[in-house]
1. So how far apart, in nm, are the two label points at residue 428 and residue 185 if each is 7 Å from Cα heading toward Cβ?
2. How many angstrom lie between the C-alpha centres of region 428-443 and region 256-332?
3. Relative contact order, percent, of the chain when contacts are C-alpha pairs under 8 Å separated by at least 6 residues?
4. When 56, 325 are ordered from fewest to most other Cβ atoms inside 10 Å of their Cβ, what list results?
5. Highest GNM mean-square fluctuation, the chain, Cα pairs closer than 10 Å: which of 425, 255, 179?
6. Taking the beta-carbon count within 10 Å as an exposure proxy, list 262, 79 from fewest neighbours to most.
7. Taking every DSSP beta bridge with both residues inside the chain, roughly what % is antiparallel (nearest 5)?
8. Working from Cα positions, state the angle (0 to 90°, nearest 10) between the long axis of helix 380-397 and the longest principal axis of the chain.
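Read the figures in this text as sums done on the coordinates, not as results from a lab. Keep in mind the model is a prediction, meaning the values are calculated, not measured. Neighbour counts run over all protein chains shown; Cβ positions are idealised from the backbone, glycine included.
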């Protein structure tokens, strides 16, 4: 296998163990990773075809990765596998302002695509917290969400057409660049979110959106996170964003950034509204927050001030990581159960004697409770894992899901059977077998 790779892909194959270590895992420290046989730095769809032909011939597993920002271990190496990196495939091939689409290679960074689109009065709406460093291919593989999902949708809602390579090395294009298409089965929604288990996405045509006329930002503090999420469920209708940080998270963000956010409140909520009349829209939002018990409110229609508050929210995970080791959850529940979910998280933190900082996308019910612990403390790792698992069970008990946007990866495979019934899961396995009969693409992951 290695000889074939070196022959067919000269200058693209890494076998040095020290160098390969940098490609062995994503950002999920809690998920196990193995030792790859080789890393291939693909530069084209043809390179990907060559890798998969060789892997199929030798029955060697392939783990595809983008920029390595995943949070569930889906891109972690498997012993003896080929790690296929698409990070070098980073060209924006076309932006079509009239049709409001962009055609990009899989390694293009989300934020780079958005910046390019903005030069045409457009933007790329899916905006995960890692948009400055995560790739479009990785976003597609996990159906990444982000802060603007409640209004603009997740990655799947913006994927029109994909170029994909099957395990045999065959290449095909699925989907269409048109706004409507009902010819054959809808394969694009199936592939998006499949975590590299069905095929390898090398190119994508995605939907772009016109920039809104104006964006206003409101910041409100509440006595508790439950009160804050109750306000979101009761009073907000499709905001551009409604981002939540609890007291633990706010204190961590202040410690890292010195931003001076209110540390006495139980929760801080940052709401952004896209509107032709931003002053009126944000004034109504603030008034509703005050009626719902907000302790303090602030609003602005200044874009730079609004961006500053959103950067505070983007700093949440890095700030919590500075406090210790973390286990990052990614649960999503119906909006009507969001306040109860937060109450259960608080109870779990107390029962397991751990620190949990909660932040997330309150407008679509997606929370990221983050368990912070010191692995050197006796029993701390076990208590952290217990809390992590109990949060997942609580989400399921409330009619939610164990992953809203990060994916199952290798981190949460034990909980797939708790959410999916045996018939549905077997159907997924049969779909997997149709795409990948030898089971070489990211085996054992996702479902």
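1. Result: 1.6 nm between the two label points.
2. What the calculation gives is 42 Å, centre to centre.
3. Values: 1027 pairs, mean separation 70.2, N = 447.
Answer for the chain is 16 percent.
4. Going from sparsest to densest Cβ surroundings: 325, 56.
5. 179
6. On the way: 262 16, 79 10.
Starting with the residue having the fewest Cβ neighbours, the order is 79, 262.
7. Numbers: 61 of 70 bridges.
Of those bridges, close to 85 percent are antiparallel.
8. The answer is roughly 80 degrees.
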